[in-house]
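To start, the structure itself, in structure tokens.
The values are calculated or read from the model by the stated rules, or taken from the named source; none is laboratory data. These figures come from a predicted structure and were not determined experimentally. All Cβ positions, glycine included, derive from the backbone under ideal geometry; neighbour counts span all protein chains shown. The area values use the complete protein model at the heavy-atom level, side chains included, leaving out ligands, DNA and RNA. Shrake-Rupley method; radii C 1.70, N 1.55, O 1.52, S 1.80 Å.
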Amino acid sequence: MKKIKPAFVAMLLATATHAQDADPLAPTGRWTAYTAGRAATPPMGWNSWNAFASAVDEEKVMGSAKRIVDSGLARKGYLYINLDDGWAAKRRQPDGHLIIRTDKFPSSVARNRKTPSFKPFTDKLHAMGLKAGIYSDMGRNTCAQAWSTTEEHLPKGSVAEREVGLHDYIDQDIALYFREWGFDYIKVDGCGLRDFGPNSPKVKAGQARALTPIMDLGAITRTDVPAVQDLFRRVGAAIVRNNPDGDFVYSLCIWGAANVRAWAKDMGNVSRTSDDISPAWGRLMVNYDSAVHRALYAHPGSWNDPDMLHIGAGDFDAEHLTEARSHFALWAMMNAPLLIGADLPSMPDSLMEILGNADIIALNQDAAGNQATVVYDSSDLQVLLKALGNGDKAVAIFNRGSVALDVSLQATQLKYRDDAPVEMTDLWTKKRFSFTKDTKLRVAPRETLIFRAIGTRALADGLYLSEQPGKVNPAVDGVTRPIADPTIFRTAHGWGGTHGAGDRPQYAGWGGARADSAPYGQTLQIARKAYPSGIGILANSRLEVRNDGYRRFTADVGVDDSATDKSHEVTFAVYGDGKRLAESRPLKWGMPAEPVEVDVSGVAVIELVARSTNNQNEALPVTWGAAALTRNAD
Ligand code: GLA
């Protein structure tokens, strides 16, 4: 195997989780994405923040919990009842024990107990058949402590007493939450790591101790990625230690900062991809865009989180059913956590019906765990496709704009044959119809049509890798210069921007590896041959692929035509359970694709490595064209 440049290794190690001197492209023979905890399918439930912010109390939480049970939503999978920011009164001194706001959570004050406890609260939720979630921050203080405009619901007392975040108390707090209080879910926020620098208003006002920021949402260069990772890893280890039965969900909330795009999937169950949602259409689009091209980064056990549902408020209230339905359908297709953010006792039935659409919930909770991929993308229209475990497909046709659109849906976009009928069931109206080749559909402004489709697979004997993103893990995605740039904008091809002197779309801190698309959004293409199916990724990358009994792996490999590096060579290698099965000759831009065909019978984890001597990976997109696993070895 060729040696790679030490400088390149050092750069990759900044984000890799492997041993310091390891070659990040060396095969591991393992699936390394996170599988601990209880998130084989995306978590579902309710969270207090969108409805109540820090003014949360027990009565409000129990009101929504009760409606979840009474309305039948719990039976449909909405199980987690999560407290967000606002429950903490203080950290008692000198033992550091966290004290609950007893005026807000009366059940926490038991007669025979000196210290308030959430155990009666979680016991009650558990007795209702539900699960309980808690909130903390990775720093010393929480987001509300940084951002709230009123002191009313914030922790009180000395500076030390106000430090209710995990930072210096990881083991103590995690043991308290899970072992003593009986929670099943934790959301770990990140404001404490970025908003309490020496010049922050709260520090200057003497209300908080300065913590030199180690994370900056706007600049990776002002972020200490290994330090942030280290904290999240330590919390993760404490969670595992304190949950011997593995019954937990670990939710990371750092909004895409600290290059979390590359490592959250290795460290926790869900990870926020954007800043907070608000009940406004434009904001929904930002959150949606932050996750929709990231299908390859979501797997059973670890999901993209574009934030909680905001159905019930603003642009998603009962006067805006089209928008509310779109929000729900898109979140379901993206395998986002379905966490309701409304005060449920006052929720109109029309909105409860949306949340309770069992057919759409089933897409989100499908055991195959494939986040939908974008199979058609114009400025206002997107078609999302999601392969389901039973062989059916879910299709969403989304009109982002404000003018109705007439759409021609092609059987081939669904990776079905165009000479055989496709049966469609509309998951809102339950109406069925069938078509061959194509069908015309009208999509109202902001509407999402959503169907379950059954057709005849174009690839009769197997699956393209881009149809099973839940089984493809970009363990190393080749991104060496992640940029979290607030000036990024959405183009017809996804996130773009301008970069230095040229107008090469800038990598915006999201994406990297893509299903059926080059990393910067172009059609996959090698030496002018286009590939409607395949994986686009940057060079110096390693993909892990779970193999469920397929016998043959095939792909056409080469440097993608979108590459601006026309001189460096890339070698493509396929490994089976750590052993090299095939390697291409060195290929560079403009050279025709090289076909790869490998017998993978009995192999559990296939690894696809594209290695180059160039360390400017962003100039060197590569394509695993028509990459597929098929049953037949012949
Ligand atoms: C951050 C998070 C929100 C919420 C608030 C609480 O903004 O992103 O989801 O938890 O903090 O203060």
| field | Qualifying position, being modelled with pLDDT of 95 or more, surrounded by fewer than 18 Cβ atoms within 10 Å (Cβ to Cβ) and not hydrophobic (A, V, I, L, M, F, W, C), among GLY72, GLY77, GLY45 | value | GLY72
| Residue within segment 160-169 that is farther than 20 Å from PRO116 by Cβ, at pLDDT 95 or above and touching a Gly at 6+ places or on another chain (Cβ under 9 Å) present | yes
| Of (1) buried (at least 19 other Cβ atoms within 10 Å of the Cβ); (2) within 22 Å of the chain's Cα centre (by Cα), ALA367 satisfies all except one. Which? | (1)
| note | Going through (1) within 16 Å of the ligand (Cβ to nearest atom); (2) touching a Ser or Thr at 6+ places or on another chain (Cβ under 8 Å); (3) modelled with pLDDT of 95 or more one by one, ALA55 fails only at (2)
| said: Looking only at strands (runs of 3 or more DSSP E) that lie completely in segment 417-526, which have at least 1 residues being open to solvent by less than 60 Å² (accessible area, probe 1.4 Å) and at pLDDT 90 or above? | reply: 422-426, 432-435, 438-443, 448-454, 462-464, 472-476, 524-526
| request: Could you tell me whether any residue of segment 282-293 is β-branched (Val, Ile, Thr), surrounded by fewer than 22 Cβ atoms within 10 Å (Cβ to Cβ), in contact (Cβ under 8 Å) with a residue 12 or more places away in the chain and within 23 Å of THR373 (Cα to Cα)? | output: yes
| query | Do you know which of the residues in segment 22-51 that are of a type in the set (A, V, I, L, M, F, W, C) and assigned to a loop (DSSP other than H, G, I, E, B) is farthest from the ligand (Cβ to nearest atom)? | reply | ALA26
| task | Go through TYR135, TYR177 for me and flag whichever is within 16 Å of the ligand (Cβ to nearest atom), of a type in the set (Phe, Trp, Tyr) and not in a helix (DSSP H, G or I). | result | TYR135
| field | Residue count, segment 52-69 (criterion: assigned to a helix (DSSP H, G or I) and either in contact (Cβ under 8 Å) with a residue 60 or more places away in the chain or open to solvent by less than 10 Å² (accessible area, probe 1.4 Å) (or both)) | value | 12
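Hey, could you check segment 239-261 for residues that are within 15 Å of ILE134 (Cα to Cα) and either out of contact with any Lys or Arg (no Cβ under 8 Å at 6 or more places or on another chain) or open to solvent by less than 10 Å² (accessible area, probe 1.4 Å) (or both) and say which is nearest to the ligand (Cβ to nearest atom)? Let's see the steps before the verdict.
We begin by selecting, within segment 239-261, every residue within 15 Å of ILE134 (Cα to Cα); these are 239, 242-243, 247-253.
Still in the list and also either out of contact with any Lys or Arg (no Cβ under 8 Å at 6 or more places or on another chain) or open to solvent by less than 10 Å² (accessible area, probe 1.4 Å) (or both): 239, 243, 248-253.
On the way: ILE239: 18, ASN243: 22, PHE248: 18, VAL249: 15, TYR250: 15, SER251: 10, LEU252: 11, CYS253: 5 Å.
Filtering segment 239-261 for residues that are within 15 Å of ILE134 (Cα to Cα) and either out of contact with any Lys or Arg (no Cβ under 8 Å at 6 or more places or on another chain) or open to solvent by less than 10 Å² (accessible area, probe 1.4 Å) (or both), the one nearest to the ligand (Cβ to nearest atom) comes out as CYS253.
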| task | Report yes if some residue within segment 332-350 is of a type in the set (Ser, Thr, Tyr) and closer than 30 Å to VAL56 by Cα; otherwise report no. | result | yes
| When the residues of segment 132-152 are filtered to those that are surrounded by fewer than 22 Cβ atoms within 10 Å (Cβ to Cβ) and not aliphatic (A, V, I, L, M), which remaining residue is nearest to the chain's Cα centre (by Cα)? | TRP147
| query | What number goes with the only condition from (1) closer than 17 Å to PHE196 by Cβ; (2) surrounded by fewer than 16 Cβ atoms within 10 Å (Cβ to Cβ); (3) away from the ligand (no atom under 16 Å from the Cβ) that TYR169 does not pass? | reply | (2)
| field | Residues satisfying the stated conditions in segment 604-619, i.e. open to solvent by less than 20 Å² (accessible area, probe 1.4 Å) and either more than 30 Å from the chain's Cα centre (by Cα) or modelled with pLDDT of 95 or more (or both) | value | VAL605, ILE606, GLU607, LEU608, VAL609, ALA610, SER612
| query | Is segment 328-346 home to any residue that is within 16 Å of the ligand (Cβ to nearest atom), in a helix (DSSP H, G or I) and either at pLDDT 95 or above or of a type outside the set (A, V, I, L, M, F, W, C) (or both)? | reply | yes
| request: Among the numbered conditions (1) acidic (Asp, Glu); (2) open to solvent by 10 Å² or more (accessible area, probe 1.4 Å); (3) within 16 Å of the ligand (Cβ to nearest atom), tell me where ASP307 comes up short. | output: (2)
| Condition test on SER350, is it more than 16 Å from the chain's Cα centre (by Cα), within 14 Å of the ligand (Cβ to nearest atom) and more than 22 Å from GLY521 (Cα to Cα)? | no
